[in-house]
Amino acid sequence: NAGVTQTPKFQVLKTGQSMTLQCAQDMNHNSMYWYRQDPGMGLRLIYYSASEGTTDKGEVPNGYNVSRLNKREFSLRLESAAPSQTSVYFCASSVLDRAIYNEQFFGPGTRLTVL
Amino acid sequence: GDSVTQMEGPVTLSEEAFLTINCTYTATGYPSLFWYVQYPGEGLQLLLKATKADDKGSNKGFEATYRKETTSFHLEKGSVQVSDSAVYFCALSDRNTDKLIFGTGTRLQVFP
């Protein structure tokens, strides 16, 4: 049981390049999330997916797209990277059962630098 | 909108000292409250939680009480260890969506 996995761990891009961050969970969770972590700003939600086939914008969605490929996988795509997207990206998942408390489980993160 | 405010760090303590990290929140309705911990180079882990007013969450010697009257959820530990050095995040969630709103994080450094 690997929990939440993310690839790659590190990435350096040039301005204008594109890339996709991959996330997978093996806990049969319904909901998945993408956050970015910047110094002094905590974690901010980029996009989330409450269930397979649905996605919604979070606090900072501009410049990103997502795909909920299936229940396990939720990818984040940068179509044209900008230096402002230099950050650490975290994927998370949770059960989303409204009858109980739902803990979010986080992946180890992807450190992205855009030059 | 909903928000979380926590004390700025770093907080620097000697081993066995008492720790308090303040957290206050603004929210409509009745959110759940959490403390997450991030060790160097790792993702976030849930440290403790409280889902309703007056609940006390506890784990690994850390405690926090959900105070609705003061909209606070302060983290405390009676005797910190070097291994507690990490960044601590206070967060709240909307029960319907499970979306988390984080504070900016407080770095704790514990020296022997």
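A:P108 meets each of the listed conditions (1) in a loop (DSSP other than H, G, I, E, B); (2) open to solvent by less than 30 Å² (accessible area, probe 1.4 Å) apart from (2). Exactly one residue out of B:T104, B:T70 is within 14 Å of chain A (Cβ to nearest Cβ), part of a loop (DSSP other than H, G, I, E, B) and more than 10 Å from the chain's Cα centre (by Cα), and it is B:T104.
Entry remark, the range A:24-38: residues being within 11 Å of chain B (Cβ to nearest Cβ) and either of a type in the set (V, I, T) or in a loop (DSSP other than H, G, I, E, B) (or both) number 2 in total. If you check B:L92 against the conditions, is it at pLDDT below 95 and within 14 Å of chain A (Cβ to nearest Cβ)? Taking the combined requirement at face value, the residue satisfies it. Within the range A:75-86, residues that are more than 13 Å from A:V114 (Cβ to Cβ) have Cβ atoms under 8 Å from residues that are open to solvent by 70 Å² or more (accessible area, probe 1.4 Å) and assigned to a strand (DSSP E or B) in these pairs: A:S75/A:Q22; A:L76/A:N65; A:R77/A:N65, counting only partners at least 6 apart in sequence or on another chain. Of all residues in the range A:67-95, those satisfying the criterion of being hydrophobic (A, V, I, L, M, F, W, C), under 24 Å from A:D26 (Cβ atoms) and open to solvent by less than 30 Å² (accessible area, probe 1.4 Å) are A:F74, A:L76, A:V88, A:F90, A:C91, A:A92.
Results for (1) open to solvent by less than 50 Å² (accessible area, probe 1.4 Å); (2) in contact with a Leu (Cβ under 7 Å, 6 or more places away or on another chain); (3) farther than 29 Å from B:Q6 by Cα, shown as yes or no for each residue.
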| position | (1), (2), (3) |
| --- | --- |
| A:T7 | no, no, yes |
| A:G16 | yes, no, yes |
| A:R44 | yes, no, no |
| A:G53 | no, no, yes |
| A:G58 | yes, yes, no |
| A:N62 | no, no, no |
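Being surrounded by 13 or more Cβ atoms within 10 Å (Cβ to Cβ), outside any loop (DSSP other than H, G, I, E, B) and away from chain A (no Cβ under 11 Å) is not true of B:Y36.
Yes or no, residue by residue, for (1) farther than 19 Å from B:T5 by Cα; (2) of a type in the set (A, V, I, L, M); (3) in contact with a Leu (Cβ under 8 Å, 6 or more places away or on another chain):
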{"residue": "B:C23", "(1), (2), (3)": "no, no, yes"}
{"residue": "B:P31", "(1), (2), (3)": "no, no, yes"}
{"residue": "B:D54", "(1), (2), (3)": "yes, no, no"}
{"residue": "B:E76", "(1), (2), (3)": "no, no, yes"}
{"residue": "B:V87", "(1), (2), (3)": "no, yes, yes"}
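Residues of the range B:78-112 that are within 14 Å of B:T12 (Cα to Cα), open to solvent by less than 60 Å² (accessible area, probe 1.4 Å) and among the charged types (D, E, K, R): B:D84 alone.
The values are calculated or read from the model by the stated rules, or taken from the named source; none is laboratory data. None of the values given here were measured: they were computed from a predicted structure. Cβ sites come from the backbone with ideal geometry, for glycine too, and all protein chains shown count toward neighbours. For accessibility, only protein heavy atoms count, side chains too; no ligands or nucleic acids. Shrake-Rupley method; radii C 1.70, N 1.55, O 1.52, S 1.80 Å.
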